[in-house]
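In what follows, a single structure is set out as structure tokens and then discussed.
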Amino acid sequence: MLFSREIQIKKKVQVCIVGGGPAGCAAAIAAARHGVKVFLAEAHTCLGGLSTAGGVPIFMTFSDGENFVADGIGREILDRMNIEDTASPMPNSISAEILKRLYEKMLLEADVDFSFMTEFIGTEASDNSITHAIFNAKSGLFAVEADIFIDCTGDGCFAARAGAKVMIGDKNNKVMPATLCSLWAGIDWAQFRKSGVNPKQILLQAFKDGIFRNNDPHHTGINQTGKNLGGGNMGHLFGLDPLDEISLTKGLIEGRKQAVEFERFYRKYMPGYETVELAATASLPGIRESRRVVGDYILNIDDYKTKRIFADEIGRYSYPIDIHPATTKRKDQAEFKRLINSLRYKTGESYGIPYRILTVNGFNNLLVAGRCVSTDRPLQSSIRVMPGCFITGQVAGVAAAIAAEHNVGIRDFDIYNLQLRLKNIGAFLPNFV
């Protein structure tokens, strides 16, 4: 039995972006600043994705130690964030409330049309091109017609539902564990720093004392995000399937249980945390890995090792290979340490990012940006973090604007034009002449 109904075409734009995380925001700002009409749909209640609703307390590295590799819109976001955030001592820490407002302000300044609580549910396509994106919102079902579409969902939902080829996790489709991040209040940061105590050093003792149900030695701890506030990116949701709502439900329940254990741990063992309070757990789970959309090229570990330069290079990045251990077993923990230490770059080193990892194989008007770009698994563990998303997001936005301006496909313009425009907005392109 089949069911069908007519759906209103509510908007007609040049560029439609699905997902308002770091990649989606960068793409929207870049495209709109190039003069095209943009609509961005965000399923959640704010922009920023894991940097806001997901509670991740730190951007990760923008630099290779010598060069600001996530330059352009990435630098602008960081600089504007730091002007307003006077309480956090680290220049790349995240105050979620400040960042939510900043993303909104920047999209409004660029005249981007966007809406929250607008969930993507499907596509219409014809002759290898997407014609419409279909959404569900409070007003009901509606469609958006656009020239170019950009998938910034993180999970590659748009591309996958359009029929694009995807890759998932390792050879057995297993992905890195997720984390439910958290917000903490009542921390005496001066006392904690004066003590010199490292939480990692006493995790095993706390496990033996019955504080934790599971002994997870991989612990990134709590980063300062305010005068007495901290953001926790700790604990793992092992075995979680980020593409299954039942698994996600169980994972969120488990994450909230873990947060209570961490509250007991910090109060009992850590100086400066004697009166710490768990203020909130994130409203989005911190997914590190799910789908990777197959593009015209798959950026891979050999490219990373050789620090490869590409003719269609649209950026460079330098974050290490960071595949979180799949279990708490000693062999998995040891493999994580081996990878992240043996493949770490020296100061000033980086790998090239080709435009072809954004162009979705088999489609003429579909780009992808963010953590689900076309890479192998090791490379995904590097480019997935927020500065990497800023890089690919701004590229997708500029490329979409060029294609829309000239009424051509995403491959049908001179790559030099794209590189030149990126250079003009500050992108780090040391090999572009």
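The values are calculated or read from the model by the stated rules, or taken from the named source; none is laboratory data. Because the structure is a prediction, the values reported are computed rather than measured. For neighbour counting, all protein chains shown are included, and Cβ atoms are generated from backbone atoms with ideal geometry for every residue, glycine included.
A few remarks follow.
- Residues of the stretch 77-91 classified as crowded, with 18+ Cβ neighbours inside 10 Å and not in a helix (DSSP H, G or I), total: 2
- Among the candidates A146, A125, the residue that is modelled with pLDDT under 95 and either assigned to a strand (DSSP E or B) or loosely packed, with under 14 Cβ neighbours inside 10 Å (or both) is uniquely A125.
- Annotation: I353 fulfils all but one of (1) buried (at least 24 other Cβ atoms within 10 Å of the Cβ); (2) among the β-branched types (V, I, T); (3) out of contact with any helix residue (DSSP H, G or I) (no Cβ under 9 Å at 6 or more places or on another chain); the unmet one is (3).
- Among the residues listed as N92, N67, the single one being in contact with a helix residue (DSSP H, G or I) (Cβ under 7 Å, 6 or more places away or on another chain) and not aliphatic (A, V, I, L, M): N92
Quick grid of which residues meet (1) in contact (Cβ under 8 Å) with a residue 12 or more places away in the chain; (2) farther than 19 Å from A26 by Cα; (3) crowded, with 24+ Cβ neighbours inside 10 Å:
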{"residue": "L108", "(1), (2), (3)": "no, no, no"}
{"residue": "F114", "(1), (2), (3)": "yes, no, no"}
{"residue": "E119", "(1), (2), (3)": "yes, yes, no"}
{"residue": "A133", "(1), (2), (3)": "yes, yes, yes"}
{"residue": "K138", "(1), (2), (3)": "yes, yes, no"}
{"residue": "F158", "(1), (2), (3)": "yes, no, yes"}
{"residue": "G163", "(1), (2), (3)": "yes, yes, no"}
{"residue": "A178", "(1), (2), (3)": "yes, yes, yes"}
{"residue": "L183", "(1), (2), (3)": "yes, yes, no"}
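- Just one of the listed residues (G35, G48, G74, G24) is surrounded by 24 or more Cβ atoms within 10 Å (Cβ to Cβ) and touching an Asp or Glu at 6+ places or on another chain (Cβ under 8 Å), namely G24.
- The lone exception for R411 - which of (1) more than 24 Å from T131 (Cβ to Cβ); (2) among the charged types (D, E, K, R); (3) surrounded by fewer than 18 Cβ atoms within 10 Å (Cβ to Cβ) it fails: (1)
- Remark: pairs (first residue in the stretch 67-83, of a type in the set (S, T, N, Q); second residue modelled with pLDDT under 95; Cβ separation under 8 Å; 6+ apart in sequence or on different chains) = N82/P91.
- Being outside the structural domain of E245 (by TED's automatic domain parsing), closer than 30 Å to R5 by Cβ and in contact with a His (Cβ under 6 Å, 6 or more places away or on another chain) is a description that applies to E124.
- Residues in the stretch 46-76 that are part of a loop (DSSP other than H, G, I, E, B) and among the β-branched types (V, I, T) were compared, and the one that is nearest to S283 (Cα to Cα) is T52.
- Among residues of the stretch 7-35 that are in a helix (DSSP H, G or I), those with a Cβ under 8 angstrom from a residue that is surrounded by fewer than 20 Cβ atoms within 10 Å (Cβ to Cβ) and aliphatic (A, V, I, L, M), sequence gap 6+ or separate chain, pair up as A28/A110; I29/A110; A30/I425; A32/A110; R33/A110; R33/I425.
- Count of residues meeting criterion [outside any loop (DSSP other than H, G, I, E, B) and either in contact with a Cys (Cβ under 9 Å, 6 or more places away or on another chain) or free of Cβ contacts under 8 Å to residues at least 40 places away in the same chain (or both)] in the stretch 232-253: 10
- Any hit, the stretch 334-346, residues being of a type in the set (S, T, Y), under 21 Å from S63 (Cβ atoms), in contact (Cβ under 8 Å) with a residue 60 or more places away in the chain and part of a loop (DSSP other than H, G, I, E, B): yes
- The residues in the stretch 280-301 that are under 19 Å from L180 (Cα atoms) and of a type in the set (A, V, I, L, M) can be counted, and the count is 4.
- Residue satisfying condition, being in a helix (DSSP H, G or I) and crowded, with 17+ Cβ neighbours inside 10 Å, within set Y319, Y273, Y304: Y304
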